[in-house]
Amino acid sequence: MNHFKVILYHDLFKFSEETEFSVEYENVHASFQYDKAQFQLIVELSSVENNIIDLEEEFIRLHLLFFLMMGSCPVIISKELNGNKYDIDELSVKFFTDKYYQNSHFCLCIPNSQNITESLLTSFKSITLPEKVSIVSFYSVQALISIEYEHVLLDHKLTLLLQALDGMINKEQGFNKKEVKSKIIKEWPEMPHQKISDLFCKLYFFASETLFPYENRCHILKAIGKDKKEFLEAIIHTRHFYSHMLSLNERNKRLVESKDFRVFFDILIHSIRLFWLKKLDANLDDQVTISTYNIFHDWLVYIYGLEDEPYLSGIYILHQHLKQLSSRNFRC
């Protein structure tokens, strides 16, 4: 029997409503035990048929899944393989999320028995096989919001993120270019058919499963000041401009302002997490999804100074109220 044990730390673990749970999948027994007082989660994997390398790969997938759920990577405190402690000083940069993204407001769910299930773990393993979606695409997303990438230029980070997203979308996720192109033509009949690229189709498919369905409730595009087509074109033009080092007079619909790069990058990071959790049927609470997009909306209202656009989330409503209070003249 091979045994893998790791202790993880994350501020959000204190919100778990469970203390422990376990699951059997693909010849692996996985147990999870929370120590909420220490903000820790103890993960133990054991198997008769799988070797230590296999179990470590299973843990890396679990860790990635936790990242998708909570928006930042749990810190690895210790790791044991068959009772032997291993050095964790040389962990990959992808395991250390920038503090900017360690924000509880963008957590989509906490790992528990309702979302860490046999079917989900089996499905996620199948998805990340080399012939399906390269797990490197997921690692790239983790790395791009790691501490090591904190000072990398946003235009470069957005370009790399779009490359990862491009590699994630294929027929295994239900993407059918012919069907998607037909929907695009139906929605925008004036759009020249030859200009509907593979990437445009992929982004339309992706956004139709994440951002677009919530627009009537969360008004993200309205706050950005773009409609659906303009949103997609801005991404396409930006990707091509920076990927191919074009001259300044080309791709004039691209993003230019650093503020816009930050906005698009953060919205896409969040939407990528939502996309995969929905594909994995992670038992998400739709109200939580709406709440996170509402916070994005209010952030946009705040940074763009949209005085006529009302806040939607309690967090920014409180901020607005406090701002109004602080501006009053309290002299007697």
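The values are calculated or read from the model by the stated rules, or taken from the named source; none is laboratory data. Treat the numbers as computed from the prediction; the structure is a model and nothing was measured. We place every Cβ from the backbone using ideal geometry, glycine too, and count neighbours over all the protein chains shown. Just the protein is used for accessible areas: all its heavy atoms, side chains included, with ligands, DNA and RNA removed. Shrake-Rupley method; radii C 1.70, N 1.55, O 1.52, S 1.80 Å.
Worth pointing out:
- Exclusive hit being surrounded by fewer than 18 Cβ atoms within 10 Å (Cβ to Cβ) and touching a residue at least 40 places away in the same chain (Cβ under 8 Å), set H10, H29, H3: H3
- Total residues in the range 267-290, condition surrounded by fewer than 19 Cβ atoms within 10 Å (Cβ to Cβ) and either in contact with a Gly (Cβ under 7 Å, 6 or more places away or on another chain) or not hydrophobic (A, V, I, L, M, F, W, C) (or both): 7
- Of all the listed residues (R273, R328), the sole one being among the charged types (D, E, K, R), more than 18 Å from H219 (Cα to Cα) and at pLDDT 95 or above is R273.
- Condition met for L232 (under 28 Å from K178 (Cα atoms), in contact (Cβ under 8 Å) with a residue 60 or more places away in the chain, part of a helix (DSSP H, G or I) and out of contact with any strand residue (DSSP E or B) (no Cβ under 9 Å at 6 or more places or on another chain)): no
- Residue within the range 35-57 that is part of a strand (DSSP E or B), β-branched (V, I, T), more than 21 Å from L284 (Cα to Cα) and open to solvent by less than 30 Å² (accessible area, probe 1.4 Å) present: yes
- Scanning the range 82-99 for residues being modelled with pLDDT under 90 and aromatic (F, W, Y) gives a total of 1.
- Candidates are the residues of the range 95-136 that are of a type in the set (V, I, T) and closer than 27 Å to K36 by Cα; the one that is farthest from the chain's Cα centre (by Cα) is T117.
- Matching residues, the range 71-121, being surrounded by fewer than 14 Cβ atoms within 10 Å (Cβ to Cβ) and closer than 17 Å to R61 by Cβ: L91, S92, E118, S119
- Any hit, the range 61-81, residues being closer than 20 Å to I127 by Cα, modelled with pLDDT of 95 or more and either charged (D, E, K, R) or touching a His at 6+ places or on another chain (Cβ under 6 Å) (or both): no
- Residue under evaluation I110, criteria (1) part of a loop (DSSP other than H, G, I, E, B); (2) over 26 Å from T292 (Cα atoms), criterion not met: (2)
- Applying the set (1) surrounded by 14 or more Cβ atoms within 10 Å (Cβ to Cβ); (2) of a type outside the set (F, W, Y); (3) modelled with pLDDT under 95 to E215 leaves exactly one unmet item: (3).
- Looking only at residues in the range 126-136 that are in a helix (DSSP H, G or I) and open to solvent by 40 Å² or more (accessible area, probe 1.4 Å), the one that is farthest from T292 (Cα to Cα) is S126.
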